[in-house]
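So the structure is just underneath, and the comments pick up after that.
The values are calculated or read from the model by the stated rules, or taken from the named source; none is laboratory data. Note that the coordinates shown come from a computational prediction; the quantities given were computed from them, not determined experimentally. A quick note on method: Cβ atoms are made from the backbone with ideal geometry, for glycine too, and the neighbour counts reach across all protein chains shown. Calculation scope for accessible area: heavy atoms of the full protein, side chains included, ligands and nucleic acids excluded. Shrake-Rupley method; radii C 1.70, N 1.55, O 1.52, S 1.80 Å.
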Amino acid sequence: MSDELFAAMRQAVIDGDAPTAATLAQQALDDGVPPLDAIDNGLVPGLSLVGEQFAEGELFLPDMMLAARAMQKAMDVLEPELQKMATQRSVVGRVVIGTVKGDIHEIGKNLVGMMLSTSGFEVHDLGVDVAPDRFVEAAREHNADIIGVSALLTTTMAGQRTVVEALAAAGLRPKVKVIVGGAPASESWATEIGADGYSEDAIGAVALARRLMGGEAVARA
Ligand code: B12
């Protein structure tokens, strides 16, 4: 039963139990559960709950770190399967993605990068804590069509605006599009900072990127 499996995956993340999270991820694949369903219904809700409990002072930073580690171990099992689902062989567009300066959250950014990559985009991941100039440099280096900027903290989200401004100052806008995401970002935030789009999740990010490339938004297969 997928529901029971998802509940167990959720709990393994909450408990920060990396070996169990990885074993359950493998079980999901063995049971034929689509990897993205396991991520969205099993792992992410666990991590979200840990985040809420952290905000309420019921859990602490080490708990959040353990939960993130458990999620990452499960992702290590699921990622190769996600990559196998790649649909498109020709390059749809070139994306440079990274998390803003001062911010080390990477799980969501990695998922977005991976989904874009399996959907035919050439993805260059700059990692976390990325300075605006590095985004500009990489945009030039890779002849990027789209820059994806992730921020998970209210204190670092202003970095998304700085990236838009740095690209403009370098003369790369509006040719190079900017998409933003992460918990504090929103559609109105994207509009406010002059970005070209926002998505709340990885599937939406693929549709958005395709739209910006002038292609049709493709529904989840
Ligand atoms: C895991 C986690 C951590 C881990 C990160 C590990 C890692 N390797 O990434 C660790 C433990 C290191 C961490 C540290 C901190 N964290 Co933290 N963390 C989280 C947590 C629980 C989950 C984040 C996550 O991975 N979610 C799962 C992924 C799949 O979702 P996602 O990141 O939202 O990404 C999706 C979308 O947002 C979107 N997306 C994301 N990026 C992009 C980019 C583009 C271009 C697009 C289009 C879409 C997109 O698509 C993704 C896939 O669906 C959140 C709580 C939460 N609900 O977000 C807190 C949270 C973000 N953290 C928080 C805090 C406060 C911190 C710390 C400051 C704690 C501290 N006192 O030190 C530090 C900051 C360190 C730093 N300088 O960055 C707060 C932020 C509060 C705020 N308003 O700013 C949160 C919200 C917890 C809370 N409720 O208080 N954290």
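If you check Leu126, Leu116, Leu78 for being within 15 Å of the ligand (Cβ to nearest atom), among the hydrophobic types (A, V, I, L, M, F, W, C) and farther than 26 Å from Glu165 by Cα, only one passes: Leu78. Evaluated against (1) open to solvent by less than 30 Å² (accessible area, probe 1.4 Å); (2) within 19 Å of Gly108 (Cβ to Cβ); (3) in contact with a strand residue (DSSP E or B) (Cβ under 8 Å, 6 or more places away or on another chain), Ala207 falls short on exactly one condition, (3).
Checking each residue in region 75-90 for being surrounded by 11 or more Cβ atoms within 10 Å (Cβ to Cβ) and under 17 Å from Val123 (Cβ atoms) picks out Met75, Glu79, Leu82, Gln83, Met85, Ala86, Gln88. For first residues located in region 149-160 and modelled with pLDDT of 95 or more, partners that are within 8 Å of the ligand (Cβ to nearest atom) and of a type in the set (Lys, Arg) and lie 6+ apart or on another chain with Cβ distances below 6 Å form the pairs Ser150/Lys109.
When region 50-74 is limited to residues that are out of contact with any helix residue (DSSP H, G or I) (no Cβ under 6 Å at 6 or more places or on another chain) and among the aliphatic types (A, V, I, L, M), the one that is least open to solvent (accessible area, probe 1.4 Å) turns out to be Ala68. Annotation: of all residues in region 25-40 being part of a helix (DSSP H, G or I) and over 18 Å from Val112 (Cβ atoms), the one that is farthest from the ligand (Cβ to nearest atom) is Asp30. Based on what the data block shows, is Thr162 out of contact with any Asp or Glu (no Cβ under 9 Å at 6 or more places or on another chain) and buried (at least 17 other Cβ atoms within 10 Å of the Cβ)? For Thr162, the condition - out of contact with any Asp or Glu (no Cβ under 9 Å at 6 or more places or on another chain) and buried (at least 17 other Cβ atoms within 10 Å of the Cβ) - is met. Taking region 42-75 as the range and being more than 8 Å from the ligand (Cβ to nearest atom) and polar (S, T, N, Q) as the test, only Gln53 passes. Is it fair to say Asp103 is open to solvent by 50 Å² or more (accessible area, probe 1.4 Å), within 19 Å of Ala185 (Cβ to Cβ), under 16 Å from the mean Cα position of the chain (by Cα) and of a type outside the set (Gly, Ala, Ser)? Answer is no for this residue. Scanning region 103-113 for residues that are more than 6 Å from the ligand (Cβ to nearest atom) and within 21 Å of Val136 (Cβ to Cβ) yields a single hit, Gly113.
Scanning region 187-204 for residues that are of a type outside the set (D, E, K, R) and out of contact with any strand residue (DSSP E or B) (no Cβ under 6 Å at 6 or more places or on another chain), which turns out surrounded by the fewest Cβ atoms within 10 Å (Cβ to Cβ)? Taking the candidates together, the pick is Ser188.
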